[in-house]
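First up is the structure itself, then whatever we jot down about it.
The values are calculated or read from the model by the stated rules, or taken from the named source; none is laboratory data. All of these numbers come straight from a predicted model, not from anything done at the bench. Positions of Cβ are generated from backbone atoms using ideal geometry, with glycine treated the same way; all protein chains shown enter the neighbour counts.
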């Protein structure tokens, strides 16, 4: 691992991380290295970065073995860190409480400490080496806005441990599952593997969770689209019970066929028994299962459209996915009076002929994903900023590399 005396030394990595050598990133890295040195008293550090993610398509399919397209983005969490030989992990940041725990004496903790400890627990159980380190972190990911700040944090911890103690040899799938374990145990959030997988893989990736963890990176050199997230102003950080209802109801449908996940259910059998299932379970679980099957088909179409640079088809599929999430998955509102996501989707779609919009990620609150071709994006961005404020509109570019130690 490279030693850094100043954050500006990292600027050679900025092209692949952020698109170009941006002076604000130099300032950011310098600040983090300076705070690390003042906090821990070391003369040098290592640097690591883990990105947030955008879910392009595959809304709430990963936890039932479905297919998803996600991508790493140029907003991230970075860390200045150094290995500690005392077995203690100490993490500091500007915004969060101090984290201190011994990897040999793990306890029952909550919040960020729980996420870090959950990653450690899983890696130890999987037979990998774990040791102490000191780290100072800085996040450019807005919390609760749907870009998976928690998953980026988990993959950052896993990446540090992977490089510091395992020679970079922990498989991506294991690190992703370590983050999932932490979310499941310490946030009580029954998430799938998309968020962690996208942050770790980098680029635009097509994931298939039908039999474990399989993915492939889709070349995006000829892609003529841009995208942005619109924060509707409603945090989704306290809505785990609503997220949990989606996999639970999908699982209940699968169990009617003697299966544990919808991916194991024959699609034709499902539709043949649809009326029977509605009588037995009610409409919403069956609607959500229908969304699962339709969304899987759309993901296959999106992979082809992305590979061929078919902008119109990409946007059409994004809009179809948004309509399915709105009407079948029902994850676009907390209650009947909540129209924030619906309003944002409709507003964005009316900003240009080649614009797509859909609820992003877990849903219920938080963000809307907007996609437009290169020609229509400036007008879309300007209109969104005028309505929601420039601070609520987050233009994103695809980050070509996954979580890494610089």
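For segment 246-265: of the residues being surrounded by fewer than 17 Cβ atoms within 10 Å (Cβ to Cβ) and within 29 Å of the chain's Cα centre (by Cα), which is nearest to residue 183 (Cα to Cα)?
Among those that are surrounded by fewer than 17 Cβ atoms within 10 Å (Cβ to Cβ) and within 29 Å of the chain's Cα centre (by Cα), it is 248.
Listed here are the residues, each with its yes/no results for (1) closer than 30 Å to residue 290 by Cβ; (2) free of Cβ contacts under 8 Å to residues at least 12 places away in the same chain; (3) more than 22 Å from the chain's Cα centre (by Cα).
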| residue | (1), (2), (3) |
| --- | --- |
| 24 | no, yes, yes |
| 59 | yes, no, no |
| 79 | no, no, no |
| 106 | no, no, yes |
| 125 | no, yes, yes |
| 131 | no, no, yes |
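One line per residue, one yes/no per condition, for (1) outside any helix (DSSP H, G or I); (2) under 21 Å from the mean Cα position of the chain (by Cα); (3) touching a residue at least 12 places away in the same chain (Cβ under 8 Å); (4) within 24 Å of residue 263 (Cβ to Cβ):
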| residue | (1), (2), (3), (4) |
| --- | --- |
| 347 | no, no, yes, no |
| 370 | yes, yes, yes, no |
| 382 | no, no, no, no |
| 387 | no, no, yes, no |
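Looking at residue 34 and the list (1) surrounded by fewer than 20 Cβ atoms within 10 Å (Cβ to Cβ); (2) under 16 Å from residue 133 (Cβ atoms), which single condition is not satisfied?
So residue 34 meets the others, but not (2).
Of the numbered conditions (1) at pLDDT 95 or above; (2) part of a strand (DSSP E or B), residue 31 fails exactly one; give the number of that condition.
Against the list (1) at pLDDT 95 or above; (2) part of a strand (DSSP E or B), residue 31 comes up short only on (2).
Within segment 304-327, can you find the residues that are at pLDDT below 95 and over 23 Å from residue 380 (Cα atoms)?
Within segment 304-327, 304, 307, 308 meet the criteria.
For segment 250-316, which fully contained helices (runs of 4 or more DSSP H) count at least 2 residues that are closer than 14 Å to residue 58 by Cα and without any contact (Cβ under 8 Å) to a residue 24 or more places away in the chain?
Hits in segment 250-316: 283-308.
Please specify each residue of segment 379-395 satisfying the condition of being in contact with a strand residue (DSSP E or B) (Cβ under 8 Å, 6 or more places away or on another chain) and closer than 13 Å to residue 345 by Cα.
Selection gives 380, 384, 388.
Can you say whether residue 86 is outside any helix (DSSP H, G or I) and closer than 30 Å to residue 291 by Cα, as far as the supplied structure shows? I'd like the intermediate steps shown before the answer.
Numbers: outside any helix (DSSP H, G or I): yes; closer than 30 Å to residue 291 by Cα: no.
Criteria not met by residue 86.
Looking only at segment 38-47, decide whether some residue is in contact with a helix residue (DSSP H, G or I) (Cβ under 6 Å, 6 or more places away or on another chain) and surrounded by fewer than 24 Cβ atoms within 10 Å (Cβ to Cβ).
yes
Inside segment 3-22, can you point out the residues that are in contact with a helix residue (DSSP H, G or I) (Cβ under 9 Å, 6 or more places away or on another chain) and part of a helix (DSSP H, G or I)?
Listed by number, the residues that qualify are 7, 8, 9, 10, 11, 14, 17, 18.
Quick check, is residue 197 more than 30 Å from residue 278 (Cβ to Cβ) and out of contact with any helix residue (DSSP H, G or I) (no Cβ under 8 Å at 6 or more places or on another chain)? Break it down into steps so the answer makes sense when it comes.
Details: more than 30 Å from residue 278 (Cβ to Cβ): yes; out of contact with any helix residue (DSSP H, G or I) (no Cβ under 8 Å at 6 or more places or on another chain): no.
Taking the combined requirement at face value, the residue does not satisfy it.
Per-residue answers, yes or no, for (1) touching a residue at least 60 places away in the same chain (Cβ under 8 Å); (2) within 30 Å of residue 359 (Cβ to Cβ); (3) crowded, with 18+ Cβ neighbours inside 10 Å:
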| residue | (1), (2), (3) |
| --- | --- |
| 103 | no, no, yes |
| 109 | yes, no, no |
| 140 | yes, yes, yes |
| 164 | yes, no, yes |
| 169 | no, no, no |
